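Right, one structure below, let's go through it.
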Amino acid sequence: MQSPNPAAEPITRFAMVETTLREGEQFATARFTSEQRQAIAQALDVFGVEYLELTSPAASPQSARDLAAIASLGLKARILTHIRCHLDDARLAVEHGAQGVNMLFATSEQLRRASHGRSLDQIIEQAQHVTSYLQQHNIEIRFSCEDTFRTPLADLLRIYTAMDSLGIQRVGLADTVGIAAPRQVYDVVSAVRAAVRCDIEFHGHNDSGCAIANAFCALEAGATHIDVSVLGIGERNGITPLGGFIARLAALDSNLVMRYDLSLLPQLDEMIAEMVGVMVPFNNYITGATAFTHKAGLHTKAVLSDPRSYEVIDPALFGRSRTVAVAHRLTGWHAVAERARELGIVLSEVQARAATTRLKALADERVLDVEDVDELLYEYAE
Ligand code: HCA
Ligand code: CU
């Protein structure tokens, strides 16, 4: 298929950095026990995410113990921990068995003023210092500029090229406050792509509803690693959701996501929703209650003859099935005839149309459910 953006490279290589165990723990109602943290790590590992990002061992003694415990599980996913660009934190990461660190430094003027007050040169010097320690311990390193999209591009490029020249594995772009729009993400990632040799990670918040689109644009511009969390949980209203990101890629080409155990997605969403005390949203990507429900007559007619007419994602890949809603005033005779067939009732077109007319009139009077439809259809069987 022709890419909508002629400059965009086809997406060939990417990895997911799953951060339910770090960003997700920053969600308002999240408080995972050690057992839950391990269960989440294991479930995500079976699903097939490439990286797990865990809360810093500097956060609390239990967080440090849980990092060590998860790092010793022998999972396929690489175990990262998220640290400040600080030697003390780097030491703790090494001591607790992390294979890699995702470290960050605030670089926008807004955050530099509010947080550490350092100059660009001081940031780079500190990062070099910590990097050299981590490299002596063979730790995979990602360095991220917090609040990337409110940091001047010239500053970003200066920091990223300095870090790239140290031989770190990745630089990270973080839309910390959810302010970036897709074209902006595309442009900034493209500029970084042209300036560094290392991999590029993107972390996007969803305050203005662009987290999935931004992650996708980052990939199109050459990012290689995308941060996600189950249901998108994180600070405020969260980040790019794992399921939504998968949906975006599956809509483009399901081959991009076939390496994951997709049928586990509904369980993953349910598990995290329960642990943090929320419902899976009704309109959630793939796993929401209505994600594959077709209602209006025109839609149901087409979907019954070819699901691809109104479905760009195959529900079966995720162990889900489609629902054709019949018990309402927008119904159409194809859907009604199909419901009759399911009941073993064969209707002629004339009968199906007549039943549909009666159904619509009834639905104008009161709320119907499928039993009402079935009752009406059984009258035709007699
Ligand atoms: C935060 C930090 C962070 C870090 C992202 C990253 C963000 O909790 O404020 O390390 O790339 O959104 O900037 O989550
Ligand atoms: Cu974040």
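Relative contact order of region 1-138, please, whole-number percent, based on alpha carbon pairs below 8 angstrom and at least 6 residues apart. Please report the intermediate quantities before stating the final value.
Details: 171 pairs, mean separation 25.9, N = 138.
With pairs under 8 Å counted, the relative contact order is 19 percent.
When only alpha carbons are used to place a centre, region 214-236 and region 264-291 end up 18 Å from one another.
Report the FRET efficiency, 1/(1 + (r/R0)^6), for residue 13 and residue 161, where r is their Cβ-Cβ distance and R0 is 25 Å, rounded to 0.05.
Values: r = 22 Å, r/R0 = 0.88.
Calculated value: 0.70.
Measure off, as a whole percent, the carbon and sulfur share of the 1.4 Å-probe accessible area of region 293-381, all protein chains present. Ligands and nucleic acids excluded, carbon and sulfur reach 53 percent.
In order along region 145-159, the Karplus-derived 3J(HN,Hα) couplings, from 6.51 cos²θ - 1.76 cosθ + 1.60 at θ = phi - 60°, round to 8, 5, 6, 3, 7, 10, 9, x, 4, 4, 5, 4, 5, 5, 5 Hz, and Gly and Pro are given as x. log10 I(q)/I(0), Debye, Cα-only region 293-381, no solvent, q = 0.13 Å⁻¹? For region 293-381, the Cα-only Debye profile gives -0.41. Here the calculated FRET efficiency for residue 113 and residue 298, from their Cβ-Cβ distance with R0 = 51 Å, stands at 0.35, rounded to the nearest 0.05.
Karplus-derived 3J(HN,Hα) values for region 317-333, using 6.51 cos²θ - 1.76 cosθ + 1.60 with θ = phi - 60°, are 4, 10, x, 10, 10, 8, 10, 9, 7, 10, 8, 7, 6, 8, 4, x, 5 Hz; glycine and proline are entered as x. Once both labels are modelled 7 Å past Cα along the beta-carbon direction, what's the residue 99-residue 187 spacing in nm? According to this spin-label approximation, the distance is 3.8 nm.
Semi-axes of the equivalent ellipsoid of the chain are 48, 22, 17 Å, computed as sqrt(5λ) over the eigenvalues of the C-alpha gyration tensor in descending order.
I'd like the FRET efficiency for residue 346 and residue 251, computed as 1/(1 + (r/R0)^6) with the beta carbon distance as r and R0 of 35 Å, rounded to 0.05. Each step should come with its number before you reach the end.
Details: r = 37 Å, r/R0 = 1.05.
Calculated transfer efficiency: 0.45.
For region 216-222, 3J(HN,Hα) computed residue by residue from phi via the Karplus equation (6.51, -1.76, 1.60; θ = phi - 60°) reads 5, 5, 4, 4, 4, 8, x Hz, glycine and proline entered as x. Simple rule: put +1 on each Lys or Arg Cβ and -1 on each Asp or Glu Cβ in the chain, find the dipole, and look at 180, 61, 38; the Cα lying farthest toward the positive end is 180.
Indicate the gyration tensor shape class of region 37-192 (rounded, prolate or oblate), computed on the Cα atoms with a ≥ b ≥ c the square roots of the eigenvalues: a/c under 1.5 is rounded; otherwise a/b larger than b/c is prolate and the rest oblate. Prolate, since a/c reaches 1.5 and a/b exceeds b/c.
Taking every alpha-carbon pair under 8 Å whose residues sit at least 6 apart, region 293-381 reaches a relative contact order of 29 percent. Springs join every pair of Cα atoms under 10 Å in this Gaussian network model of the chain, and among 78, 339, 236 the largest mean-square fluctuation is at 339. Residues whose amide H lies under 5 Å from that of residue 106, counting only those 5 or more places away or on a different chain, are 146; hydrogens are built 1.01 Å from N in the peptide plane. What's the carbon and sulfur percent of region 15-276's accessible surface, probe 1.4 angstrom, rounded to a whole number? Whole-percent figure for carbon plus sulfur exposure: 49. Using C-alpha pairs below 8 Å separated by at least 6 residues, the relative contact order for the chain is 13 percent.
Do the sum for the chain: with -39,500 (n - 2.57) for every DSSP H run of n ≥ 4, divided by all residues, what is the mean residue ellipticity at 222 nm, to the nearest 500 deg cm²/dmol?
Details: 14 runs with 164 residues, N = 382.
Rounded to the nearest 500, it is -13000 deg cm²/dmol.
Averaged over its residues, region 2-151 has an accessible area of 44 Å² per residue, based on protein heavy atoms and a 1.4 Å probe. Counting only DSSP beta bridges whose two residues both lie in the chain, roughly 5 percent are antiparallel. Where does helix 34-47 land angle-wise versus the long Cα axis of the chain, in degrees 0 to 90, nearest 10? It is inclined by approximately 70 degrees.
The values are calculated or read from the model by the stated rules, or taken from the named source; none is laboratory data. Since this is a predicted model, take the numbers as computed values, not measurements. Because the Cβ atoms are built from the backbone with ideal geometry, glycine has one as well, and the counts that use them run over all protein chains shown. Side chains included, ligands, DNA and RNA excluded: accessible areas come from the protein's heavy atoms. Shrake-Rupley method; radii C 1.70, N 1.55, O 1.52, S 1.80 Å.
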